[in-house]
Each structure stands twice: as C-alpha cells, then as structure tokens.
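Below is one structure, written out as structure tokens, with a few remarks after it.
The values are calculated or read from the model by the stated rules, or taken from the named source; none is laboratory data. Because the structure is predicted, anything quoted here is derived from the model rather than measured. Here Cβ is always computed from backbone atoms with ideal geometry, including for glycine, and neighbour counts include all displayed protein chains. Just so you know, the surface numbers come from the protein's heavy atoms only, side chains and all, with ligands and any DNA or RNA stripped out. Shrake-Rupley method; radii C 1.70, N 1.55, O 1.52, S 1.80 Å.
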Amino acid sequence: MPEEPQNPTAGESETPSAAIENAPSSDAPETTDLPSTDKPPAKAKKPPAKAADGDKPPAKAADGDKPPAKAKKEKAPAVEDKPFAEFIQQDYLPALQTALTKQGVQDLEVRFAKQKLPIAGMSSAGDCWQVIGKFQEGQRQFNLYFPQENIQSQRAFSCAENNTHTSTLEPFLIDERKITLDLMVFGVVQRLNAQKWLNLN
C-alpha cells in the first residue's frame, strides 16, 4: 500500500515562528481591563483634623461686649459762671480797663466796691455792689450797679462830671436775655460814647 503523506504540522510540539513572533512575551505584563493585583490599594484620604481649642478663631464679641464709646470732652465752664465777685475782679475789670484804654482813656481808675448809691435822694437805700470808674483826673465818673450778686439779675448805670451826684439811675442792658463778659464791656463803652466822653466823638 502506498504510504499516506505525512502532515508536516501534525504531532509537532513546536510553535510556528510566526505565532511565536505575535505571541505576547511572558516577560512583559499583559494589559487587561481587570484591576491589577500587583499594585497596592490606594490609601483612603483622611478627613481634615479638627482645630484644637487653642486654634479656634476668636468668637465675635456680643453686643454687650462692645467697648464703651469715648466720652465727649466736657467744655470748660464759661467765665460768667464763676462766683460773682471773682468774675468781676478777675475778668470784668481787666477787660473793661483794656477796652477803654483802646478808646483813648489814659488815666482810668476802676474798682469794685460795695457802698451806698451815689444818687441824690437814694443814700438811704442801703449798700450795693458797684463797678466804679474814674478818669480825666477824676472829673468823669461812671458807676455800674448790681443790686444782687448776680450779673444776670437787675443792673443799672449812672455817670456824672466834676464830682457831682447824678440824679438819674439808668437800666443797663435790660433787653439782653443772657449777659456775657463781652456784652458788659460793650455796654459801658457804648454808654460812655453816647455821653461823648470817648475819642470816638
């Protein structure tokens, strides 16, 4: 019987060279869609640590904890609020002297005293606080009267020449609601100017 042709590949255990070239290398890792068992599992992220008590931001101050508002500076008391005699001697007499000197009165003598009214027929009225001014060698005199020890109370004025006693007692600044140092000085200057005793005439 003729011999059957032999299958060149039958029974061979060797892999054809083409298959060998296309086969995946056992040395290189094969890429698959499955998770690799060679990599260590990823570590879970730790939650942020809570701040210690000392690291906490300061809490907002409550309304009751607000610092007190700065107190307003108190105004200095007005000179007119001084005690009566202190105001007249320390503030009014120097201011009046300065004002009349500026008006040309060179030999003014001004003082503060409690004495009888130099008004004809009123010598029995008792003593009264007065600002007494004299100039031109004493030939001209004016008096500002304060029946009460208060510049805001009633006031009166008189003037006389040649050492005579006046017969007229005039109201002084009666239309003013509040008497101030400047107003009292102005009132005397205005009255003496009306008498034509100053250089303004």
Worksheet item: Residues of region 149-163 being polar (S, T, N, Q) and open to solvent by 40 Å² or more (accessible area, probe 1.4 Å), which ones?
Response: N150, Q152, Q154, N162, N163
Worksheet, complete the sentence: Given the conditions (1) touching a strand residue (DSSP E or B) at 6+ places or on another chain (Cβ under 8 Å); (2) open to solvent by 30 Å² or more (accessible area, probe 1.4 Å); (3) of a type in the set (F, W, Y), every one holds for F186 apart from (1)
Worksheet item: Restricting the search to region 97-127, which residues are outside any loop (DSSP other than H, G, I, E, B) and either among the polar types (S, T, N, Q) or modelled with pLDDT under 90 (or both)?
Response: Q97, T98, T101, Q115, K116, I119, S123, S124, A125, D127
Discussion item. Being under 44 Å from the mean Cα position of the chain (by Cα) and not in a loop (DSSP other than H, G, I, E, B) is the filter here; which residues of region 134-182 pass it?
Written reply: N143, L144, Y145, F146, A156, F157, P171, L181, D182
Item to complete: Six or more apart or on different chains, Cβ under 7 Å: which pairs go from a residue in region 182-200 that's closer than 12 Å to Y92 by Cβ and touching a residue at least 24 places away in the same chain (Cβ under 8 Å) to one that's loosely packed, with under 13 Cβ neighbours inside 10 Å and among the aliphatic types (A, V, I, L, M)? Could you list them?
Response: none
Discussion item. Filter region 93-148 down to the residues that are open to solvent by less than 20 Å² (accessible area, probe 1.4 Å) and hydroxyl-bearing (S, T, Y) and list them by number.
Written reply: Y145
